Amino acid sequence: MIRRPEEFDQDLRLEADVAVVGSGAGGGPLAKELSEAGYRVVVLEEGGHFTREDFNFKPGEAFLRMYRDAGQTVTLGLPVILLPQGCTVGGTTTVNSGTCLRIPRSVLRRWQLEHGLKDLTSDEMDLLYAALEEYLFVKRADPEVVGKNAIIFKEAAERLGYSAGFLPRNAKDCEGFGMCPYGCPTNSKQSVNVSFIPDAVRAGAEVITRCRVTHIITRGGRALGVRGYLYDPLTRKRTLSVEVRSSVVALCGGALQTPSLLFHNRLCLSSGAVGRNLFIHPCGSTLALLDEPLGNPKGIPQSTYVDEFSSEGIELEGATLPPSVFAITLPWSGRKHSEIMATYPYFGTFGSMISEHDSRGRVLPGPSPRQPLATYHLGYQDAQRLKLSILLMAEIWFEAGARKVITPIQGFLELSSPRDMSALSRAKIKPHQFIGLSAYHPMGTCPMGGDPDSAVVRPTGETWEVDNLFICDASILPTSLGVNPQLTIMALSVRTAGFIDEKLARGIDRAEALSRIEKWKGRLRREKERLAYRLNTFFGMEGDISQQGETSGTSGAGDR
Amino acid sequence: MILERYVRERISELSRLFIVPTDDILAPEPEQISAFCLEFMRQGTPGFRFLYLFTLISLEAACLLRKGKRLRELDSGEGEEFLQSLYRSRWAPLRALPLLAGLPLFFSHYDREDVQKALGYDVENLRREAALREVTR
Ligand SMILES: Cc1cc2nc3c(=O)[nH]c(=O)nc-3n(C[C@H](O)[C@H](O)[C@H](O)COP(=O)(O)OP(=O)(O)OC[C@H]3O[C@@H](n4cnc5c(N)ncnc54)[C@H](O)[C@@H]3O)c2cc1C
C-alpha cells in the first residue's frame with residue numbers, strides 16, 4: 001500500500017525485515033525483489049506520490065512538486081552548476097528522460113582492477129541488465145516518434161561521418177508527448193513509480209510517503225531500524241514521528257542525501273570516503289536557429305546520441321526543451337530575449353555530457369541534514385572537453401543548416417557561421433566562462449570497494465562499518481560512469497537484494513540457533529536449581545527454595 | 001509580510017524590464033509571476049531564498065550606482081542597456097545577477113499556456129490526447 005501522511009493520526013511504530021529509505025532507482029528495485037522474496041518491506045519516501053493524472057504538461061508545477069527544493073539544488077564552486085534531483089515516489093526516475101544504458105566495459109574493468117570489485121563480473125552484470133531491460137521494456141527510441149529535432153541532428157551527424165543512433169529507453173508504446181522530465185502523462189515511461197513500486201506493493205511492501213528519515217538506529221555496530229517524521233506538504237512542518245524497527249536498513253536516498261544521512265548520524269566515517277568523489281557528468285547545451293519549425297512538444301525529449309568521442313568521455317544526447325526551460329537557458333533579457341523566444345519553434349536543441357577527468361566534487365554536511373552542501377570545481381581539462389563537445393554540436397548544427405548556434409560560453413555566446421567556430425576552437429576556456437551549466441547524474445559519494453580504508457560499502461552493498469546497513473543508490477558507484485546511470489544503479493540494487501536475502505536467511509538460522517542456546521541454558525538452570533535443592537535437603541538447610549530458585553534464576557538471567 | 005511585499009514590488013518592476021511584449025510574446029502578468037516566484041522561494045532552500053533576496057537588492061543597488069536611478073524609474077531602453085551591461089560583465093558574480101533574477105520570472109511567464117500557444121507550442125490538444133491513452137504493463 002502507498003500511504004500518505006493524512007492517513008495517520010498518531011506516531012507510527014512499525015516492524016519490518018527491511019526498511020528502505022528512498023524509492024528511486026536504487027530503492028524501488030530493492031523493495032520489489034525483497035518483498036517478492038517474502039520479506040516485510042517498508043519504504044520511507046520523503047516526496048509525495050503523483051500519478052499520471054497529476055502530470056499536466058506544466059514544467060513549473062513539476063519542479064515545485066516533484067523536484068527536491070523546487071529543482072534549486074546547485075553545486076557551489078566555479079562555475080555554479082544546477083543539479084536537479086527528484087523527490088517523489090520513484091525518485092528521480094519519475095522525472096528523468098528514460099535513457100537506459102549499460103556500464104561501458106572499460107569502466108567495469110577499472111572497477112574490478114582498481115576498486116576491488118573482482119566479483120562484479122561482466123557476465124553477472126549482463127544477466128542483470130538483460131533481466132531489467134526485459135522488465136522495463138527497454139528498446140531503442142522509435143524513429144517514427146522521436147521528433148524532427150532528433151532526426152535533423154542525427155542525419156547531419158551521420159553526413160559528417162560521426163557515429164550516431166537512437167538511444168535505448170525504458171518506454172512502452174511511447175507516442176512522444178515530450179514530457180519525460182515532468183512526469184510521463186501516459187505511463188509509457190517505465191520509471192520506478194509505475195514499475196518496481198507497484199510490483200513491490202502488490203507483493204506486500206508498504207510505502208510511506210512524505211516521510212523523511214533522519215536517524216539510523218544502531219547498537220553494537222549493527223543497524224536496528226530508522227527514525228524520521230511525516231510532514232505537511234504545504235507548511236513543510238513535522239506532523240508525526242515514525243520509527244521502523246528492522247533487521248536490515250537500506251539507504252537509497254541518492255548521492256547527495258545518503259552521505260548527508262551518514263554525516264548526521266556519524267556513521268561509516270572512519271575511511272573518510274563519505275561525501276568524497278562527487279561526480280556529476282557536467283552537461284553543456286546548444287540551441288540552433290533553423291529554417292523550419294521543429295514541431296515541439298511532439299517528440300521524445302532525449303532520444304538520440306552521437307558517441308564519436310565516447311572514448312574521451314564525451315557523449316552527445318538530444319534534449320528538447322519546453323518554452324519555459326528554453327527561456328531560462330538564454331543569457332539575455334528584454335527585447336533580445338523576446339526576439340529569440342518569438343523564434344522558439346525554429347530552435348533545435350541538443351545536449352552533451354562529459355565523464356570527469358580533473359574536476360573535483362564533494363558532499364559536505366550542510367546547515368541541515370536535508371540540505372547538504374555539494375561543492376564542485378570544473379577542472380581545466382574537463383572545461384576543454386566540454387568546449388569540444390559544444391564545438392562538435394555546433395558543427396553538426398551548421399551541417400544541418402543552422403543560421404546561428406547559441407552556446408553557454410561567455411565570449412562565444414552566439415556562433416553565426418562555421419567560421420566563428422575556429423575562434424572558439426583556438427580559445428582556452430576557463431571553467432568560470434561557462435554560464436548556466438547543469439548536471440543530472442550525481443554519484444560516487446559512498447563508493448563501493450574491496451578496501452575498507454577507501455570504500456564505504458563492501459562489494460555486497462553492506463557498509464564496512466555497520467552490520468546490516470546497506471547502501472543502494474547512485475552514491476555507491478566508485479567512479480564517474482560515463483553513461484546515464486539509472487540502469488546500472490538498478491542492476492546493483494537487484495544484486496544487493498540477493499545479498500540481503502542471503503543475509504536475512506542466514507539471520508533466521510542464527511535466530512533459531514540462539515533460541516536453542518536459550519532453551520539449553522534454561523535446562524541447565526533448572527538442573528542447577530534441582531541440585532541446589534537436593535544439597536539443601538541433604539545438609540538440612542531447608543531454606544526458602546523459591547528464593548534460591550530466584551537467586552539462581554537471577555544469576556542465570558545475568559549470564560545471558 | 002514586509003518581505004513578501006518587497007519581493008512582489010521588485011518582481012513587478014523586473015517583469016517589465018525582463019519581458020518585453022512583441023507580436024508573438026504576450027505581456028507579462030506581474031501578479032502571476034510574483035505568486036510563482038514567492039512559491040518558488042518558499043519551496044526552495046533557505047540558501048536560495050537568501051541568494052534571491054540578495055540578488056534583488058543588489059540589482060537595485062547596481063542600478064542606483066550605474067544609472068543614478070531606481071529600477072522602477074528606468075524606461076525600457078535604459079532598462080535594456082543596464083541589464084545587458086550586467087550580462088556582458090567580465091565579473092562572474094555581476095553576470096549572475098540578471099541570470100538568477102530572470103530564472104523564476106521567465107519560467108513562470110513561459111509556463112503560461114496562452115503565452116506558449118502564441119509561440120505555436122500547443123499543449124492543450126496533447127493533454128487531451130494523452131488523457132485518452134494509458135499504457136499498462
Ligand atoms: C532531469 C533528469 C533526467 C535524467 N535522465 C536520465 C536518463 O535518461 N537516464 C538515466 O540513466 N539517468 C537519468 N537521470 C539520472 C537518474 O534518474 C538518477 O541517476 C537516478 O534516479 C538516481 O537513483 P538513486 O536511487 O540514487 O536516487 P533517486 O532516484 O533520486 O531516489 C532517491 C529518493 O530518495 C528519497 N530520499 C532521499 N533522502 C531521503 C530521506 N532521508 N528520507 C526519505 N526519503 C529520502 C528522495 O526523495 C528520492 O525520491 C536523470 C536525472 C534528472 C534530474
query: When you go through (1) closer than 17 Å to A:Val483 by Cα; (2) more than 16 Å from the ligand (Cβ to nearest atom); (3) among the hydroxyl-bearing types (Ser, Thr, Tyr) one by one for A:Thr121, which number turns out not to apply?
result: (1)
- request: Just one of (1) more than 19 Å from A:Pro282 (Cα to Cα); (2) surrounded by fewer than 23 Cβ atoms within 10 Å (Cβ to Cβ) trips up A:Ser438, so point out which.
  value: (1)
message: Condition first: out of contact with any Cys (no Cβ under 7 Å at 6 or more places or on another chain) and part of a loop (DSSP other than H, G, I, E, B). Now tell me which residues in the range A:412-439 satisfy that.
response: A:Phe412, A:Leu413, A:Ser416, A:Ser417, A:Ala427, A:Lys428, A:Ile429, A:Lys430, A:Ile435, A:Gly436
task: Name the residue, out of A:Leu234, A:Leu287, that is open to solvent by 40 Å² or more (accessible area, probe 1.4 Å), away from the ligand (no atom under 14 Å from the Cβ) and either in a strand (DSSP E or B) or free of Cβ contacts under 8 Å to residues at least 40 places away in the same chain (or both).
output: A:Leu234
query: What are the residues in the range A:304-331 that are touching a helix residue (DSSP H, G or I) at 6+ places or on another chain (Cβ under 7 Å), farther than 30 Å from B:Ser15 by Cα and crowded, with 23+ Cβ neighbours inside 10 Å, if any?
result: A:Thr304, A:Val306, A:Leu316, A:Gly318
query: Regarding B:Ile25, is this residue over 30 Å from A:Cys174 (Cβ atoms) and facing chain A (nearest Cβ under 8 Å)?
result: yes
- prompt: Just checking, how many residues over the range A:214-226 are surrounded by 15 or more Cβ atoms within 10 Å (Cβ to Cβ) and closer than 14 Å to A:Val248 by Cβ?
  reply: 7
- request: Please identify the pairs in which a residue from the range A:33-48 that is away from every other protein chain (no Cβ under 14 Å) has its Cβ atom under 7 Å from the Cβ atom of a residue that is within 14 Å of the ligand (Cβ to nearest atom) and among the hydroxyl-bearing types (Ser, Thr, Tyr), counting only partners at least 6 apart or on another chain.
  value: A:Val43/A:Ser23; A:Glu45/A:Ser23; A:Glu45/A:Thr209
query: Are there any helices (runs of 4 or more DSSP H) wholly within the range A:83-187 with 3 or more residues that are in contact with a Lys or Arg (Cβ under 9 Å, 6 or more places away or on another chain) and within 14 Å of chain B (Cβ to nearest Cβ), and if so which?
result: none
- line: In the range B:36-76, residues that are in contact (Cβ under 8 Å) with a residue 40 or more places away in the chain, open to solvent by 50 Å² or more (accessible area, probe 1.4 Å) and within 29 Å of A:Cys87 (Cβ to Cβ) total 1
message: So the check is Cβ under 6 Å with 6+ separation or different chains; which pairs have a first residue in the range A:472-489 that's within 9 Å of the ligand (Cβ to nearest atom) and a second one that's in a loop (DSSP other than H, G, I, E, B) and of a type in the set (Val, Ile, Thr)?
response: A:Ser475/A:Thr445; A:Thr488/A:Ile103
- line: When the range B:43-100 is checked residue by residue, the ones that are under 22 Å from A:Lys336 (Cα atoms), more than 12 Å from every other protein chain (Cβ to nearest Cβ) and under 16 Å from the mean Cα position of the chain (by Cα) are B:Thr55, B:Leu56, B:Glu60, B:Leu71, B:Arg72
- prompt: Would a scan of the range B:84-98 turn up a residue that is aromatic (Phe, Trp, Tyr), in contact with a Pro (Cβ under 9 Å, 6 or more places away or on another chain) and closer than 24 Å to A:Gly436 by Cβ?
  reply: yes
- request: Give just the number: which of (1) within 6 Å of the ligand (Cβ to nearest atom); (2) within 13 Å of the chain's Cα centre (by Cα); (3) within 18 Å of A:Pro369 (Cα to Cα) does A:Gly47 not satisfy?
  value: (2)
statement: Residue pairs within 6 Å by beta carbon, gap of at least six or interchain, first lying in the range B:5-34 and over 16 Å from B:Ala118 (Cβ atoms), second modelled with pLDDT under 95 and among the basic types (Lys, Arg), listed first then second, are B:Glu13/B:Arg72; B:Ser34/B:Arg8
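Can you tell me how many residues within the range A:331-361 are under 28 Å from A:Leu316 (Cβ atoms), among the charged types (D, E, K, R) and either in a strand (DSSP E or B) or more than 20 Å from the chain's Cα centre (by Cα) (or both)? Can you show your working first?
Taking the range A:331-361 and keeping what is under 28 Å from A:Leu316 (Cβ atoms), we get A:331-332, A:336-337, A:339-361.
From the residues that got through so far, the ones that are among the charged types (D, E, K, R) too are A:336, A:339, A:356, A:358, A:360.
Filter again for either in a strand (DSSP E or B) or more than 20 Å from the chain's Cα centre (by Cα) (or both), leaving A:336, A:339, A:358, A:360.
Adding up the residues that qualify gives 4.
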statement: Only one of A:Phe63, A:Phe55 is under 21 Å from A:Pro323 (Cα atoms), touching a Gly at 6+ places or on another chain (Cβ under 6 Å) and away from the ligand (no atom under 13 Å from the Cβ), namely A:Phe55
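The values are calculated or read from the model by the stated rules, or taken from the named source; none is laboratory data. These figures come from a predicted structure and were not determined experimentally. Here Cβ is always computed from backbone atoms with ideal geometry, including for glycine, and neighbour counts include all displayed protein chains. When the accessible area is computed, the model is the full protein with side chains, heavy atoms only, and any ligands, DNA or RNA have been set aside. Shrake-Rupley method; radii C 1.70, N 1.55, O 1.52, S 1.80 Å.
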